[in-house]
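One structure is given below, encoded as structure tokens.
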């Protein structure tokens with residue numbers, strides 16, 4: 001018996017028992033659809049998080065103040081060890097650095113007329129736009145002159161504009177707002193950035209760094225230094241140079257622990273990608289359980305089919321069918337049931353992913369490898385599920401089979 005004739009025989013058997021075949025296909029369909037949808041969710045989450053991190057700026061090194069050490073234990077409080085002069089030294093002394101900015105952020109009250117909002121007040125430098133890949137949509141950003149004069153000027157995020165002026169798309173250039181009871185002139189509105197995790201990146205007011213330090217909060221240190229490297233290949237080299245430069249500036253000996261921490265953006269992306277990849281595998285594995293249940297259903301159906309067709313098997317053997325022919329017949333039927341279910345499941349899985357994106361707003365991404373994996377796994381389940389029933393059918397004694405009623 002050829003493979004083609006085995007397929008034709010299997011299709012006739014499936015058509016004879018339409019309801020039973022449909023129920024067998026349904027189990028695999030649900031399993032494959034679940035696998036495709038869950039993997040799409042995991043891949044979408046990974047892409048979304050990666051894009052959000054990269055939207056903060058490209059080729060970034062992030063320098064944080066080090067934690068205060070006590071008795072060898074790292075404390076949670078941040079030390080006030082970074083200065084704007086450190087950032088200037090990095091920009092001047094390391095040629096591979098394209099741009100540097102520093103930031104100091106605290107919460108503050110912003111008032112306009114009868115409206116007020118509690119938001120983040122972020123003191124930054126004029127190079128912030130280039131380094132952090134965040135630009136004004138209307139108006140202008142700070143200048144070096146604003147930094148030198150500690151100017152009372154502000155650039156508002158979209159959420160702050162909505163809270164104070166009632167319209168997210170308002171352009172309140174020239175308006176006077178009060179930040180911690182001091183008057184500031186609005187000179188710009190930032191482009192919309194959206195949320196990262198639980199933080200709304202548009203709920204912020206930017207002021208010149210020197211203004212935030214001296215006029216608003218009375219500090220001399222900065223909270224973070226962002227270093228933009230010329231290209232990704234030089235990230236590790238620049239990280240070593242920045243560490244050596246800051247240790248020298250802070251007069252730290254060879255045995256002293258650094259009073260700052262440097263984070264490489266590429267390392268952050270890699271760590272997040274690893275977490276989301278694990279999450280994707282977990283979601284796919286959970287969904288695959290339903291596919292295995294569908295395979296067990298196919299095995300049950302095939303065992304019933306062997307019992308019902310015992311006399312048919314005896315007749316086939318009596319007219320010359322070999323054990324291989326009988327085994328191939330039932331194995332092909334099992335695989336066809338599984339493949340039919342997997343193809344329908346792939347279509348439903350893609351449709352489900354699109355529906356989740358449209359209705360829930362969650363990011364999903366369906367890749368070719370995930371579809372191939374789902375179909376391949378379903379085919380393997382079909383082979384495994386049909387193997388024992390096929391062997392059982394092939395092992396039947398033709399004389400006993402012919403006597404079966």
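With each label point set 7 Å from Cα along the Cα-Cβ vector, what nm distance links residue 236 and residue 143?
Result: 4.4 nm between the two label points.
Please work out how much length the chain gains when fully extended from residue 387 to residue 357, using 0.36 nm per residue of separation minus the C-alpha to C-alpha distance, in nm with one decimal.
Going from the current span to full extension adds 6.9 nm.
So for the chain, Kirkwood radius off the Cα pairs, Stokes-Einstein at 25 °C and 0.890 mPa s: how many µm² s⁻¹? Before the final figure, lay out the partial values.
Working: Rh = 26.4 Å.
So the translational diffusion coefficient is about 93 µm²/s.
So what's the Cα pair-distance distribution over region 75-183, bin width 5 Å, in %?
Here the calculated profile for region 75-183 is 2, 10, 17, 21, 19, 13, 9, 6, 2, 0.
Using 1/(1 + (r/R0)^6) with R0 = 45 angstrom and r between the beta carbons of residue 114 and residue 263, what's the FRET efficiency to the nearest 0.05?
Approximately 0.60, to the nearest 0.05.
With springs only between Cα atoms under 10 Å, which of 350, 30, 313 fluctuates most in a Gaussian network model of the chain?
313
Assuming a viscosity of 0.692 mPa s and a temperature of 37 °C, what translational diffusion coefficient in µm² per second does Stokes-Einstein assign to region 233-320, Rh being the Kirkwood radius over Cα pairs?
167 µm²/s
Based solely on its DSSP helices, what 222 nm [θ] is calculated for the chain when runs of n ≥ 4 H residues each add -39,500 (n - 2.57) and the sum is averaged over all residues, nearest 500 deg cm²/dmol?
Values: 12 runs with 220 residues, N = 405.
When only DSSP H runs of four or more count, the value is -18500 deg cm²/dmol.
Normalised by the empirical 2.2 N^0.38 Å for globular proteins, what value does the Cα Rg of region 202-270 take? All intermediate terms of the calculation are to be shown ahead of the outcome.
Numbers: Rg = 15.4 Å, N = 69, 2.2 N^0.38 = 11.0 Å.
Normalised Rg, Cα atoms only: 1.40.
Compute the length gained on full extension between residue 17 and residue 173: take 0.36 nm times their separation in residues and subtract their Cα-Cα distance, giving the result in nm to one decimal.
48.8 nm
How much length is gained if the chain between residue 150 and residue 106 is pulled fully straight, taking 0.36 nm per residue apart and subtracting their Cα-Cα distance, in nm to one decimal?
So the extension gain works out to 14.1 nm.
Dividing the convex hull volume of the alpha carbon atoms of region 218-258 by its residue count, what do you get in Å³ per residue?
For region 218-258, the hull spanned by Cα atoms encloses 99 Å³ per residue.
Which FRET efficiency, nearest 0.05, do residue 248 and residue 395 yield, Cβ-Cβ r, R0 51 Å?
It comes to 0.05.
Could you line up 337, 23 from fewest to most neighbouring Cβ atoms inside 10 Å? Don't jump to the answer; show the numbers that get you there.
Details: 337 29, 23 14.
Sorted ascending by nearby Cβ count, the order is 23, 337.
Over all directions, the average projected area of the alpha-carbon convex hull for region 139-181 comes to how many nm²? Can you show the working numbers first?
Working: hull surface 13.7 nm².
Computing the convex hull of the Cα atoms and averaging its projections yields 3.4 nm².
Give me the three principal axis extents of region 80-258 from the C-alpha atoms, as integers in angstrom, largest value leading.
Answer, in whole Å and largest first: 57, 33, 33 Å.
Since every read-out is calculated from the coordinates, none of them should be taken as a lab result. Only a predicted model underlies this, so the values are computations on that prediction, with no experimental measurement involved. Glycine gets a Cβ as well: all are built from the backbone with ideal geometry, and neighbour counts include every protein chain shown.
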